[in-house]
1. In this structure, does residue 262 turn out to be in a strand (DSSP E or B), free of Cβ contacts under 8 Å to residues at least 60 places away in the same chain, within 21 Å of residue 318 (Cβ to Cβ) and within 30 Å of the chain's Cα centre (by Cα)?
2. Being buried (at least 20 other Cβ atoms within 10 Å of the Cβ) and at pLDDT 95 or above narrows it down to one of 72, 67, so name that one.
3. Take region 20-53 and flag every residue that is modelled with pLDDT under 80, of a type in the set (A, V, I, L, M, F, W, C) and under 24 Å from residue 78 (Cα atoms).
4. Do any residues in region 104-116 that are buried (at least 23 other Cβ atoms within 10 Å of the Cβ) have Cβ atoms under 6 Å from those of residues that are at pLDDT below 90, where the two are at least six apart or on different chains, and which pairs are they?
5. Quick one: in region 82-125, which of the residues that are under 25 Å from residue 182 (Cα atoms) and of a type in the set (A, V, I, L, M, F, W, C) is nearest to the chain's Cα centre (by Cα)?
6. With the condition kept exactly as written, say whether any residue in region 159-168 is modelled with pLDDT of 90 or more and under 23 Å from residue 7 (Cα atoms).
7. Is region 212-222 home to any residue that is within 19 Å of residue 250 (Cβ to Cβ) and among the β-branched types (Val, Ile, Thr)?
Amino acid sequence: MQRLLTSYRAIPADAAVRLAKPTSNLFRARAKNTGRGLDTSGLTDVIAVDPHARTADVAGMCTYEDLVAATLPYSLSPLVVPQLKTITLGGAVTGLGIESTSFRNGLPHESVLEMDILTGTGDIVRASPEDHGDLFRSFPNSYGTLGYSVRLKIELEPVKPFVALRHLRFHSLTDLVDAMELTSIGPVQDLRLSRDGLRVAAVVRGGLYAAALARSPDGDVAIRNVRSLRPADLGEVVAADWRAAETVVAVSRGSDGPVSQVSVDGLTWELLPSSNLTPPLRAVAAAPNRPVLVTDQSGVWSFAGGDLETWRQVVGGVPDAVPLYPG
C-alpha cells in the first residue's frame with residue numbers, strides 16, 4: 001500500500017493518473033503513455049479467505065486466475081468468474097464484467113460487500129452500503145474516474161469438483177427463450193411427456209409446471225408456454241405423471257395430502273385419498289384408465305379411483321421402486 005501511495009504522490013499535478021502495468025485487457029488501440037503510473041505491484045494477491053463466512057478479501061489487481069486458485073481448495077468460488085483469466089477483480093468491478101453465471105448471480109460488483117478505494121485526493125476510503133454509500137454504489141462502471149479499488153471483500157459460493165455440460169441447439173430466438181423459461185427456474189427433477197405427445201409436466205425446484213410442445217416441419221421440438229400449477233396447494237412436489245390428456249397426478253412431500261391431481265390449466269385441483277400410505281412418497285406413475293401407482297416407505301401402492309376406494313399394496317413392490325406405465 002505504501003508503494004501505491006508513494007507513486008501517487010510522485011505523479012505531477014497536471015498529469016493523468018493511470019495504472020503502471022505492462023499489459024491490458026482492452027482490445028482497442030490507445031495512445032502510448034510514458035508518464036509515471038500507480039505502482040500496484042503489491043496489490044496482486046488474495047489477502048484472506050473465510051470459508052465459514054464464504055467471503056474473501058482480495059487486492060484490487062488480483063487476477064481471477066489467482067483468486068479462483070485460492071478459493072477452490074475450500075470448494076468455494078466467486079459468484080461470477082470471467083473466462084479471460086487475466087482480468088482483475090478490481091477491473092471487473094470498475095469496468096463491469098459478465099459471464100455465464102450472471103443469469104443467476106448478476107455482475108461481479110453485485111457480490112462485493114465493501115471496498116477500499118484510492119480516491120483522487122490520495123486518500124484510502126472504505127466504502128460499503130452503510131459507509132460512503134454513494135461512492136460504493138457509483139463505483140461500478142466508473143472506469144477509474146472515481147478512484148481505484150485497492151481491496152475488495154466479496155461473497156463466495158460453494159462449487160462442486162466437476163460440472164456437467166450439455167449442449168442444446170436452437171434454430172430461432174423464440175425457441176431459445178421458451179426453453180430458458182423452464183430451465184432458468186432451476187434444475188429439472190422430473191419430466192414426463194403426455195401420452196398424446198403435446199405437453200410436458202415438469203417438477204422444478206419442488207414446483208409443478210406444465211408446458212406445450214411445438215414441433216417444426218424438420219422435426220425440431222420446442223417447449224412453449226410454461227405454466228406453474230397450483231404452487232400454494234401442492235407444496236413441495238417430488239414427482240408427477242399424466243393421468244389423462246388434461247390431468248396431472250403429483251406427489252408432494254409431507255403428510256397432508258401427499259397425492260393430488262390438477263388440471264393442465266391449473267384451474268381445478270383435487271386431493272386423492274391418502275389412507276394406507278406412509279409419507280414421504282418418492283415416485284408416481286399414471287396413465288389413462290389405469291390405477292395410479294405411488295411408492296412410499298413400505299413399497300408400491302395402487303389406487304383405482306372412486307370415493308370409497310383406498311390404496312392397495314402391490315405385491316412385490318419395494319420402497320425404492322420407480323413404477324411406470326410403458327408408452
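1. Taking the combined requirement at face value, the residue does not satisfy it.
2. On the way: 72 fails: buried (at least 20 other Cβ atoms within 10 Å of the Cβ).
One residue alone meets the criteria, 67.
3. 26
4. From residues that are buried (at least 23 other Cβ atoms within 10 Å of the Cβ), the pairs are 108/97.
5. The extreme case among them is 103.
6. Filtering region 159-168 for residues modelled with pLDDT of 90 or more gives 159.
Applying the additional criterion that residues be under 23 Å from residue 7 (Cα atoms) yields none.
No.
7. Let us first name the residues in region 212-222 that are within 19 Å of residue 250 (Cβ to Cβ), namely 212.
When the remaining residues are screened for being among the β-branched types (Val, Ile, Thr), the result is none.
No, that holds for no residue.
Every residue, every condition in (1) assigned by TED's automatic domain parsing to the domain that holds residue 196; (2) in contact with a helix residue (DSSP H, G or I) (Cβ under 9 Å, 6 or more places away or on another chain); (3) more than 30 Å from residue 176 (Cα to Cα), yes or no:
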{"position": "227", "(1), (2), (3)": "yes, no, no"}
{"position": "235", "(1), (2), (3)": "yes, no, no"}
{"position": "253", "(1), (2), (3)": "yes, no, yes"}
{"position": "278", "(1), (2), (3)": "yes, no, yes"}
{"position": "283", "(1), (2), (3)": "yes, no, yes"}
{"position": "292", "(1), (2), (3)": "yes, no, yes"}
{"position": "296", "(1), (2), (3)": "yes, no, yes"}
{"position": "300", "(1), (2), (3)": "yes, no, yes"}
{"position": "326", "(1), (2), (3)": "no, no, yes"}
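The values are calculated or read from the model by the stated rules, or taken from the named source; none is laboratory data. Remember, it's a predicted structure, so these values are computed and weren't measured experimentally. Cβ coordinates were reconstructed from backbone atoms using ideal geometry, including for glycine residues, and neighbour counts include every protein chain displayed.
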